[in-house]
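Contents: one structure, followed by commentary.
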Amino acid sequence: MLRHSILALLLARHIHAVQLLTPYPFRSPYDDTIDEDDKDFNNGDPLAIDGSNFPCKLYQDDNTNPNATDIKATYEAGQSYSITLLGNSTFGGGSCQISLSYDNGQTFKVISSIEGGCPLNSTYDFTIPNFVPDYSQVLLSWSWFPFLGPRVMYQNCARVQIGSGSTKRSTRHTRKQRRSYYSKRQATALEDLPDMFVCDVGEFGNGCTTIEQRNLIFPDPGDNVVIGQNNETADPGPGYRFPDNSTSSTTSGATTQTTESSGTSEITATSSTGVITTAGVNYHYIKHF
């Protein structure tokens with residue numbers, strides 16, 4: 001334990017971008033249950049801009065990571081938990097999401113979105129939806145798009161168990177196997193969750209790029225949204241663009257999300273503190289001091 005503590009202190013002095021600390025992500029340099037040779041001391045680096053290591057830096061596969069199936073946390077549906085982050089370069093904040101994958105990274109479903117001010121805090125709470133099925137090989141993803149600096153996507157993933165789990169299986173799943181992990185009723189509820197926002201990773205994000213110093217407002221943040229404040233005053237959102245230039249926009253005092261293909265929009269009033277519910281979405285407003 002002393003050796004581990006000394007190593008952690010030495011690492012902390014050299015940490016740059018923020019990374020997921022707990023639950024331990026794949027190949028975490030802070031995880032003393034894995035061999036030194038299996039640790040990635042650059043685990044805080046962003047994903048490659050060409051998407052070549054998306055998702056999870058490809059550490060979720062047991063043919064690239066000998067510890068890919070090791071469970072680092074156990075959660076219960078309907079209960080609340082938190083992740084912790086570590087790092088001294090927050091790039092002024094940004095927007096983050098916490099997501100789950102039941103198919104080893106083929107799809108990620110959002111359970112919490114933080115728009116602005118992330119990761120200026122070291123701890124973020126989330127709730128496991130009460131309708132998700134038990135499974136022993138879920139991926140929990142923390143993703144981050146920084147407010148300042150290069151246009152990149154950060155992502156760390158951890159292997160977690162939800163509920164009683166199930167028989168441990170190889171992470172080389174087939175599409176047919178993945179469908180069998182949850183009942184039709186549960187799959188419908190799980191699939192109704194929004195997809196994780198993917199950008200700045202080439203074709204995996206459909207050519208999407210984020211825009212520096214703009215508030216990144218997720219096109220579909222889900223039902224649990226925290227609105228934070230970046231370290232600097234942000235230009236109007238939405239903070240991303242596609243090759244066809246379809247975006248959303250933000251006006252003073254309100255956020256307008258527009259899908260140009262359908263011409264629909266949604267207005268959400270803003271506030272410095274409190275909770276506002278619009279169209280079934282709970283927006284929690286926080287300040288950073």
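The values are calculated or read from the model by the stated rules, or taken from the named source; none is laboratory data. Keep in mind that this is a model prediction, so the values were computed, not measured. Heads up, the Cβs are rebuilt from the backbone with ideal geometry, glycines too, and the neighbour counts pull from every protein chain shown.
Which of the residues spanning segment 63-81 are among the hydroxyl-bearing types (S, T, Y), assigned to a loop (DSSP other than H, G, I, E, B) and farther than 12 Å from Q137 by Cα? Of everything in segment 63-81, just one residue is among the hydroxyl-bearing types (S, T, Y), assigned to a loop (DSSP other than H, G, I, E, B) and farther than 12 Å from Q137 by Cα, namely T64.
Answer yes or no: is there a residue in segment 194-203 that is farther than 20 Å from G51 by Cα and at pLDDT 95 or above. Within segment 194-203, one or more residues are farther than 20 Å from G51 by Cα and at pLDDT 95 or above. Evaluation of D50 against the conditions (1) closer than 19 Å to F26 by Cβ; (2) at pLDDT 95 or above; (3) assigned to a loop (DSSP other than H, G, I, E, B) shows that the sole unmet condition is (1).
Table: residues versus (1) assigned by TED's automatic domain parsing to the domain that holds F54; (2) without any contact (Cβ under 8 Å) to a residue 24 or more places away in the chain; (3) closer than 30 Å to Q213 by Cβ; (4) buried (at least 18 other Cβ atoms within 10 Å of the Cβ).
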position: I71; (1), (2), (3), (4): yes, no, no, no
position: E76; (1), (2), (3), (4): yes, no, no, no
position: L85; (1), (2), (3), (4): yes, no, yes, yes
position: I98; (1), (2), (3), (4): yes, no, yes, yes
position: N104; (1), (2), (3), (4): yes, no, no, yes
position: P119; (1), (2), (3), (4): no, no, yes, yes
position: V132; (1), (2), (3), (4): yes, no, no, yes
position: F145; (1), (2), (3), (4): yes, no, yes, yes
position: L148; (1), (2), (3), (4): yes, no, yes, no
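For the residues S265, S272, the requirement of being surrounded by fewer than 20 Cβ atoms within 10 Å (Cβ to Cβ), modelled with pLDDT under 90 and within 21 Å of G92 (Cβ to Cβ) singles out S272. Scanning segment 16-41 for residues that are polar (S, T, N, Q) and closer than 20 Å to S82 by Cα, we see that the one that is surrounded by the fewest Cβ atoms within 10 Å (Cβ to Cβ) is T22.
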